[in-house]
Amino acid sequence: MRPEIGVTPEHLSEVAHTLTNILADEFLLYAKTLNAHWNVEGSDFHSKHLFFEKQYDELFEMIDQIAERIRTLGHYAIASLGDFLKLTHFTEGKEDKNDAISFIKQLLADHESIIIHLRSHINRYAIELKDLGTSDFITGLMETHEKMAWMLRAHLK
């Protein structure tokens, strides 16, 4: 049954489509953060292992919320690795070294890329697509990424 929430079906479809691309980016960032958690090496292993675990837990919550937002709008969320890889803006990436700084730099660049991408959609959702709920929702996602990026950036000082 189609949601009757004051947003046209065409706009709901466009919002769900762009959220699907965001979901793909978030899932790839989640996988890259898992990689850092599992494979980090060095004298700071334990602290960075726990740090990356906290970050991937936050990302998992965000992924779940995005998928549920897509479902709230009456569309289905993708859930296959192939679909995520087709739709993401990111590359899987492969570090030559498994040290914390290399992982942090790569993850920070991805968080900042997502922040810019989310910021570019806030007004579009609210004004053009008349979906203030999704505009507010992605503002919250952006703020969470800003905090996560700050945490990563603090390790580089």
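The values are calculated or read from the model by the stated rules, or taken from the named source; none is laboratory data. Remember, predicted model here, so these are calculated numbers, not experimental data. Here the Cβ is made from the backbone with ideal geometry for all residues, glycine too, and neighbour counts use every protein chain on show.
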Exercise for review: Six or more apart or on different chains, Cβ under 7 Å: which pairs go from a residue in region 1-26 that's of a type in the set (Lys, Arg) to one that's surrounded by 15 or more Cβ atoms within 10 Å (Cβ to Cβ) and in a loop (DSSP other than H, G, I, E, B)? Could you list them?
Suggested key: Arg2/Gly74
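Give me a count of the residues in region 31-75 that are in contact with a helix residue (DSSP H, G or I) (Cβ under 7 Å, 6 or more places away or on another chain) and part of a helix (DSSP H, G or I). Explain how you work it out, then say what you get.
The first filter runs over region 31-75 and keeps only residues in contact with a helix residue (DSSP H, G or I) (Cβ under 7 Å, 6 or more places away or on another chain), leaving 32-34, 36-37, 40, 42, 44, 48-49, 52-53, 55-56, 58-60, 62-63, 66-67, 69-70, 73-75.
Cutting the leftovers down to part of a helix (DSSP H, G or I) gives us 32-34, 36-37, 48-49, 52-53, 55-56, 58-60, 62-63, 66-67, 69-70.
Adding up the residues that qualify gives 20.
Give region 110-123 a look and list any residue that's more than 25 Å from Asp99 (Cβ to Cβ) and in contact with a helix residue (DSSP H, G or I) (Cβ under 8 Å, 6 or more places away or on another chain), or say none.
Once the filter is applied, which keeps residues that are more than 25 Å from Asp99 (Cβ to Cβ) and in contact with a helix residue (DSSP H, G or I) (Cβ under 8 Å, 6 or more places away or on another chain), region 110-123 yields His117, Leu118, Arg119, His121, Ile122, Asn123.
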Check your understanding: Do the conditions hold for Ala100, that is, is it over 15 Å from Ala24 (Cβ atoms), in contact with a helix residue (DSSP H, G or I) (Cβ under 7 Å, 6 or more places away or on another chain) and crowded, with 18+ Cβ neighbours inside 10 Å?
Key -> yes
Study note, to complete from the structure: With the first residue restricted to region 104-120 and required to be loosely packed, with under 15 Cβ neighbours inside 10 Å, and the second required to be among the aliphatic types (A, V, I, L, M), Cβ contacts under 7 Å at 6 or more apart or on different chains are Arg119/Met142
Review point. Taking the stated definitions as given, is Thr91 β-branched (Val, Ile, Thr), more than 18 Å from Gly140 (Cα to Cα) and either outside any helix (DSSP H, G or I) or modelled with pLDDT of 95 or more (or both)?
Key: yes
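Would you point out the residue of region 8-25, among those that are among the β-branched types (Val, Ile, Thr) and within 16 Å of Glu61 (Cα to Cα), that is farthest from the chain's Cα centre (by Cα)? Before you say what the answer is, go through the steps one by one.
Taking region 8-25 and keeping what is among the β-branched types (Val, Ile, Thr), we get 8, 15, 18, 20, 22.
Add one more test, that the residue is within 16 Å of Glu61 (Cα to Cα), and what stays is 20, 22.
Details: Thr20: 11, Ile22: 6 Å.
Ranking the qualifying residues of region 8-25, first place goes to Thr20.
Per-residue answers, yes or no, for (1) over 16 Å from the mean Cα position of the chain (by Cα); (2) buried (at least 16 other Cβ atoms within 10 Å of the Cβ):
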position: Leu29; (1), (2): no, yes
position: Gly42; (1), (2): yes, no
position: Phe52; (1), (2): no, yes
position: Ile63; (1), (2): no, yes
position: Ala79; (1), (2): no, no
position: Gly82; (1), (2): yes, no
position: His89; (1), (2): no, no
position: Thr134; (1), (2): no, yes
Practice item. Quick one: in region 31-40, of everything that is closer than 24 Å to Phe84 by Cα and hydrophobic (A, V, I, L, M, F, W, C), which residue is surrounded by the most Cβ atoms within 10 Å (Cβ to Cβ)? Key: Ala36
Point to revise | Residues that are under 21 Å from Glu68 (Cβ atoms) and either surrounded by 16 or more Cβ atoms within 10 Å (Cβ to Cβ) or in contact with a Ser or Thr (Cβ under 9 Å, 6 or more places away or on another chain) (or both), drawn from region 140-157 | key: Leu141, Met142, Thr144, His145, Met148
Exercise for review: List every residue pair whose Cβ atoms sit under 8 Å apart, with the two residues 6 or more apart in sequence or on different chains, where the first one lies in region 141-155 and is under 13 Å from Met62 (Cβ atoms) and the second, anywhere, is surrounded by fewer than 18 Cβ atoms within 10 Å (Cβ to Cβ).
Suggested key: Leu141/Gln65; Met142/Arg119; Met142/Ile122; Thr144/Glu58; Met148/Glu58
